[in-house]
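This report concerns only the one structure given below.
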Amino acid sequence: MQIDEEAPQRLSTLMKRTFDAVIALVGLLALVPLIVMMIALLYLIQGRPIFICHRRIGKDGVLFPCLKFRTMVTNAEEALRRYLAANPSERAEWLATRKLKNDPRITPFGAILRKSSLDEIPQLINVFLGHMSFVGPRPIVSSEAELYGVHFVDYIRVRPGLTGPWQISGRNDVSYNARVELDVRYVNEHTLWSDIIIMAKTVPAVLKARGSY
């Protein structure tokens with residue numbers, strides 16, 4: 001009788017997906033009052049659009065619409081282009097990390113949402129639909145794929161996560177190379193139990209807001 005060596009992996013994937021879908025649905029239902037309040041505040045403070053939808057790279061390299069509450073000005077790309085042209089040192093930081101400590105695109109209210117991670121609540125929809133998982137590498141845009149180098153093939157083996165090893169390790173205080181190493185280690189070693197541990201550690205990491213900007 002032939003032994004199906006991939007059966008344990010398929011079972012683990014099914015369990016992870018079921019866990020994600022159930023918890024995401026429960027979370028969305030529980031957070032309805034907060035989501036309604038956030039929509040109202042964003043409309044009053046910043047106006048439309050309330051949500052943004054970025055194309056990110058998901059499992060197997062498939063692009064998906066990653067949802068967030070809008071935290072940037074409406075002309076974000078033009079604002080970034082002008083800022084980097086006027087600040088060469090900041091441009092070097094952007095090219096190396098794809099992050100800026102003094103990002104000209106972020107609105108004052110958006111900065112509060114980002115620091116508290118409230119801007120990512122809509123990604124529960126992505127988790128429920130199967131674009132993302134609760135735990136995994138952070139979803140990246142196409143221009144970041146080259147920063148993963150040969151490890152990009154590891155990144156696309158799993159669904160990107162709402163949280164993950166990067167978030168509990170200091171987020172933007174961690175270099176991009178270290179972030180890639182964390183993602184590769186996660187892809188090769190993760191279990192459902194390790195996902196639960198990461199989710200538990202995410203709560204104090206978000207409350208401390210270490211490395212968030």
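The values are calculated or read from the model by the stated rules, or taken from the named source; none is laboratory data. If you're wondering where the values come from, they're calculated on a predicted model, not measured in any experiment. No Cβ is skipped: glycine too gets one built from the backbone with ideal geometry, and neighbour counts run over all protein chains shown. Surface accessibility is based on the protein's heavy atoms, side chains included, excluding ligands, DNA and RNA. Shrake-Rupley method; radii C 1.70, N 1.55, O 1.52, S 1.80 Å.
For region 74-192, what is the largest minus smallest coordinate of the Cα atoms on each principal axis, given in angstrom and ordered from greatest to least?
45, 31, 23
Long-range amide H contacts for residue 56: which residues qualify at under 5 Å (H placed 1.01 Å from N, peptide plane, sequence gap of 5 or more or a different chain)?
64, 66
Quantify, in whole percent, the carbon and sulfur part of the accessible surface of region 1-141 (1.4 Å probe; protein heavy atoms only).
It is 66 percent, rounded to a whole number.
Give the accessible surface of the chain per residue, rounded to a whole number of Å², with probe radius 1.4 Å and ligands, DNA and RNA excluded.
55 Å²
How big is the Rg/Rh ratio for the chain, C-alpha atoms only, Rh by Kirkwood, two decimals?
With Rg and the Kirkwood Rh in hand, the quotient comes to 0.98.
Between residue 51 and residues 5 or more places away or on another chain, which pairs have amide H atoms under 5 Å apart, with H built 1.01 Å from N, and which residues are they?
HN-HN under 5 Å from residue 51: 70.
Taking square-rooted eigenvalues a ≥ b ≥ c of the alpha carbon gyration tensor, is region 1-53 rounded, prolate or oblate, where a/c under 1.5 means rounded and, failing that, a/b exceeding b/c means prolate?
Prolate shape, in that a/c is at least 1.5 and a/b is the bigger ratio.
Hey, can you list the DSSP H helices of the chain whose Cα span along the axis is 27 Å or longer and whose average Kyte-Doolittle score is at least 0.5?
Span-like helices, by this rule, are 7-30.
Structure shown: which of 68/99; 59/101; 16/101; 16/68 lie over 27 Å apart, alpha-carbon to alpha-carbon?
Pairs exceeding the cut-off: 59/101; 16/101.
Taking the Cα centre as origin and putting +1 on Lys and Arg beta-carbons and -1 on Asp and Glu beta-carbons, what dipole magnitude results for region 117-213, to the nearest 20 debye?
240 debye
Hey, can you grab everything whose amide H is under 5 Å from the amide H of residue 163? Only 5+ residues off in sequence or another chain; H modelled, so Pro and N-termini drop out.
For residue 163, whose amide H was placed from the backbone, the distant partners under 5 Å are 135, 136.
How big is the dipole moment of region 1-110 about its Cα centre under a simple scheme where the beta carbon of each Lys and Arg is +1, that of each Asp and Glu is -1, and everything else is neutral? Debye, nearest 20, please.
Charge dipole, region 1-110, about its Cα centre: 420 debye, nearest 20.
Per DSSP H run of n ≥ 4, the term is -39500 (n - 2.57); total these for the chain, divide by its residue number, and report the mean residue ellipticity at 222 nm rounded to 500 deg cm²/dmol.
It lands at -16500 deg cm²/dmol.
Quick one: net charge of residue 52's neighbours, Cβ under 15 Å, K/R +1, D/E -1?
+3
Give, rounded to the nearest 20 debye, the magnitude of the charge dipole that the chain has about its Cα centre when Lys and Arg contribute +1 at Cβ and Asp and Glu contribute -1 at Cβ.
The dipole magnitude comes to about 700 debye.
Compute the signed sum of charges (Lys and Arg +1, Asp and Glu -1) over the other residues within less than 11 Å, Cβ to Cβ, of residue 79.
Residues near residue 79 contribute 0 overall.
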